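The block underneath contains the structure these notes are about, expressed in structure tokens.
The values are calculated or read from the model by the stated rules, or taken from the named source; none is laboratory data. Given the structure is predicted, the values throughout are model-derived calculations rather than measurements. A quick note on method: Cβ atoms are made from the backbone with ideal geometry, for glycine too, and the neighbour counts reach across all protein chains shown. What goes into the accessible areas is simple: the full protein's heavy atoms, side chains included, and nothing from ligands, DNA or RNA. Shrake-Rupley method; radii C 1.70, N 1.55, O 1.52, S 1.80 Å.
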Amino acid sequence: MKKYWKSSSMLLGGVILSAGMIAGCSSDEGDGDNGNSGGEGMSGELEIQYFVGGYGDSWWNEVIADFKEEYPDLTITEHKGPNINDEMRSRWVSDNPPDVVYIDGAGSSETQMIEDGQLANLTELVEGMEVDGEPLLDNFIVDPDRHDGEIFSLPLVFDTWGTWYDKAWFEEEGFEVPTDFDSFMNSMGDIQDKEGIDPLVTSGQHPYYFLRGMLYPAFGAAGGEELLNDVITGAEGAWTSDVVLETMKKVESMQQAGYFDSGLGALNHTQSQMNFLLHQNAFVPVGFWLPNEMANDVPDGLEFGFIPSPMQDAGEPYAIVPDLRPLAIAENAENKEAAEAFVEFVFTREYAELFSEHTGAIMNVAGVDLTENENVPEYLKEANEMINDPEQVQIYQKPHPMSADLETPIGNALLSLMLGNITAEEFTEEAESAAASYRQ
Amino acid sequence: MVQSKKQKYVFLAFCLVPTFILFSIFTLYPLFSGLYFSFFEWSGSSSNREFIGLSNYERLFQDKIFPRTILHDYFLVVTKVIGIMILAIFFAVALTQLKIKEAPFYRVVFFFPNIMSVVVIGILWTFIYNPSLGLVNSGLEFMGLGEWARPWLGDENWALPSLVLPSIWAGIGLFMLLLIGGISNVSKSYYEAAEIDGANEWQQFWKVTLPLIWPQIKISILYIVITTLNGSFIIVQIMTGGGPNNSTHVMGSYLYQQAFVQYNFGYGATIGVVILILSLITVLILQFLMKREKVQY
């Protein structure tokens, strides 16, 4: 079933239209109150664990500094870095976790943490929480996942995968920005002929980049959320269904046309992104973090352009599958009161706007106007506008991230397909077999 | 002064007890912990775990990828032993017997990779193999052999053989020094006697040098086998991550993937136990095969 996005008032783009409301919010937030009742009585230590990846840590630094100012008696200890999930693993294993955790990056799994009972039940807290004078639950762009009806994490970062291209280069050379799969194939063919390059690159060392960046939207467009749910949960027969096979045939046709970078099997994600920046390829499926992650390597004149991955049939709108990165409180948090205060503190429009300024991405809070903000990159404004136009883009929500136990073997088979070592039919059989093992 | 029995035991205890304590903490404890965890279903990221008996071992026997990882491991063992030993012996003999003036310089050059971290070596060779910018493909194209260029680490057939070269490159120096030590201990009079008897240099190598440095060769082979079975996962992890499509996974990297990527820590521990058993069996077989009478002239 295809699901259009929430009502326009819930959308960023929807909010773009309601500047007056923003003005109101701005004046509310100007006093630094942030919807909290005050900083009195909060003391002790608050430990916060957060992954630092493509989005950097400048937003966190600012938010935590503000929180510290709000609660001066609180000692805040930050555990952060690109390998923080591995570094903190022993703390979680020994039931001595930090109080607040931002779940993102390698070595973290929200699903696993919930299954292991490591995250606190936030249902009651969230249902009673108000932010910017409105119930928090009404302020999310995408609602929190519920496990047996309970909420264990709050989606903080609204990430989405899509396909990137160099807008300036495309305009200069007259390349077509794809609008559907046929136009994608035409555009790649044109680029291949004119530039003599393999137009599409992705990371072969991490095939989930293509899985999440290209196939999820393709499955959403072809079979809606029901299919997306089935393939992610490994439902019986999902991967061998006709609709999945049709989608995989599209991938096979891309391979047979020689559109995939011939060396992609060896590339890690930064190498594939570097290839894209160097115009060795024209398209790369990555999330919103690409410009921030590669900021130091962007050649002069390159202008980031973002489209939802054009895997849908002609005449259909683009499809997008949000990828949410949540904030949670540890079940064994020693300072739950402070942890709850921090969560409440973060989910405001003020910090959502700041997030877009710092990271070039979107925080999962509705009602944020980015159109007039000069610090927000142009591609993000354009992407927002596109994402929030249901005529152009349909949004499909996945039930939860795919388990690594299923994603790993499917990623391996997918890479074989992209390298031309197996057919689409063989891929679906291998994926179905992986799903069968996963179900056991 | 004659030591009393008590003094002797105190001295022995002074030497052995701290060593045994450290050995117990850093070797025996992890060893038995690994064995213990192999009987559990455990994500490795929380304190919850469930005893499941031998289920992980049953699963291992049904795992289609694991036998491939064993083959990959032994492919690396065989190619590394052959490659490193041939080159290390060649360089050791050349630097000791051929009276090269720059021998000390070459000793440093050949040993240099050994002082580099394996991680650095892996990253370095990843760049060398880079499909578009790497030295290998650029060199081939420069020599007019462009059709031989390929995405070495991204090709399911070529990725594993491509890992052999950096592994050999990184290993030669240490064993070359070990063998140089052995050759230096061979008395010159043996070579003089052999020469008087009319033996050429090739015959001197086979009849004098090789038999007399056999203990060093044996130790080198055993060391290469053990370090490959236990440590080749580092270079795999850095250069290919086990891919493409599991074509370079060795037992160690597969263990890592299961334990830390797929959150099957108990299953990863099971793989660790099997690595230990296979390593022990391999070393015992090698000890048997390489058993020779000590040569003395």
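Accessible area of the stretch A:314-440 with a 1.4 Å probe: how many percent of it is carbon plus sulfur?
39
Just to confirm, what accessible area per residue do you get for the stretch B:123-224 at 1.4 Å probe, in whole Å²?
So the stretch B:123-224 comes to 53 Å² accessible per residue, rounded to a whole number.
Using the crude model of +1 on Lys and Arg Cβ and -1 on Asp and Glu Cβ, and no other charge, please compute the dipole size for chain A relative to its Cα centre, in debye to 20.
The calculation lands at about 1080 debye.
Find the centroid of the Cα atoms in the stretch A:88-122 and in the stretch A:226-262, then give the distance between the two in whole Å.
When both Cα centres are located, 32 Å separates them.
The stretch A:144-223 to the stretch A:377-430: how many Å between their Cα centroids?
Value for the Cα centre distance between the two parts: 8 Å.
Rounded to the nearest 0.05, what FRET efficiency do A:THR111 and B:TRP206 give with R0 = 56 Å and r taken as the Cβ-Cβ distance? Could you check?
0.35
Say each of B:ILE86 and B:ILE123 gets a label point 7 Å from the Cα, pointing the same way as Cα to Cβ; how far apart are those two points in nm?
Distance between the two pseudo-spin positions: 3.2 nm.
What residue among B:LEU174, A:ILE197, A:PHE345 has its Cα farthest toward the positive end of the dipole of the protein assembly as shown, where the charges are +1 on Lys, Arg and -1 on Asp, Glu, each on the Cβ?
Ranked along the dipole, the leading option is B:LEU174.
Whole angstrom only: what separates the Cα centroid of the stretch B:94-158 from the Cα centroid of the stretch B:56-72?
Taking the Cα centre of each part, the stretch B:94-158 and the stretch B:56-72 sit 32 Å apart.
Place a +1 charge on the Cβ of each Lys and Arg in the stretch A:121-174 and a -1 charge on the Cβ of each Asp and Glu, then give the dipole magnitude about the Cα centre in debye, rounded to the nearest 20.
Roughly 100 debye, rounded to the nearest 20.
Contour minus end-to-end for B:ILE226 and B:TYR36, with contour as 0.36 nm per residue of separation and end-to-end as the Cα-Cα distance?
66.1 nm
Rounded to the nearest 20 debye, what is the charge dipole size of the stretch A:255-366 about its Cα centre when +1 sits on each Lys and Arg Cβ and -1 on each Asp and Glu Cβ?
So the magnitude is around 260 debye.
Binning at 5 Å from 0, report for the stretch B:103-163 what percent of all alpha-carbon pair distances ends up in each bin.
4, 17, 19, 19, 16, 14, 9, 2, 0
Tell me: how much accessible area in total is hidden between B and A, 1.4 Å probe, Å², nearest 100?
2300
Mind telling me which of A:ASP300, A:ASP138, A:ASP66 comes out most flexible in a GNM of chain A, alpha-carbon contacts under 10 Å?
In the Gaussian network model the winner is A:ASP300.
On the full set of protein chains, 1.4 Å probe, figure out the accessible area of A:HIS279 and give it in Å² to the nearest 10.
So the heavy atoms of A:HIS279 present about 60 Å² to solvent.
Per residue, how large is the accessible surface of the stretch A:86-197? Use a 1.4 angstrom probe and give square angstrom.
That works out to 38 Å² for each residue.
In angstroms, what radius of gyration and Dmax does chain A have, counting Cα atoms only?
21.7, 68
Let me check something: with ligands and nucleic acids excluded, how do B:TYR267, A:TYR438 order by accessible area (1.4 Å probe), largest to smallest?
A:TYR438, B:TYR267
Mind listing, in residue-number order, the residues in the stretch B:249-274 that have at least 10 Å² less accessible area with every protein chain present than in their own chain alone (1.4 Å probe)?
Buried-area filter returns B:TYR256, B:GLN257, B:PHE260, B:VAL261, B:GLN262, B:TYR263, B:ASN264.
Identify the residues of the stretch A:99-113 with backbone N under 15 Å of a label point that sits 7 angstrom from the Cα of A:GLU150 along the Cα-to-Cβ direction, or state none.
Label zone hits: A:111-113.
Taking the Kirkwood radius as the inverse of the mean 1/r across Cα pairs, report the Rg/Rh of the stretch B:204-297.
1.17
If all Cα-Cα distances of the protein assembly as shown are sorted into 20 Å bins from 0 onward, what percent lands in each bin, rounded to whole numbers?
Taking every Cα pair in the protein assembly as shown, the percentages come to 15, 42, 30, 11, 2, 0.
Would you mind checking B:LYS8/B:LYS188; A:LYS194/A:LYS250; A:LYS80/A:LYS250; A:LYS167/A:LYS249; A:LYS249/A:LYS398; B:LYS188/B:LYS218 for any pair whose Cα atoms are more than 32 angstrom apart?
Long pairs (Cα-Cα over 32 Å): B:LYS8/B:LYS188; A:LYS80/A:LYS250.
In what order, largest first, do B:ILE213, A:ILE197, B:ILE226 sit by accessible area if the probe radius is 1.4 Å?
B:ILE226, A:ILE197, B:ILE213
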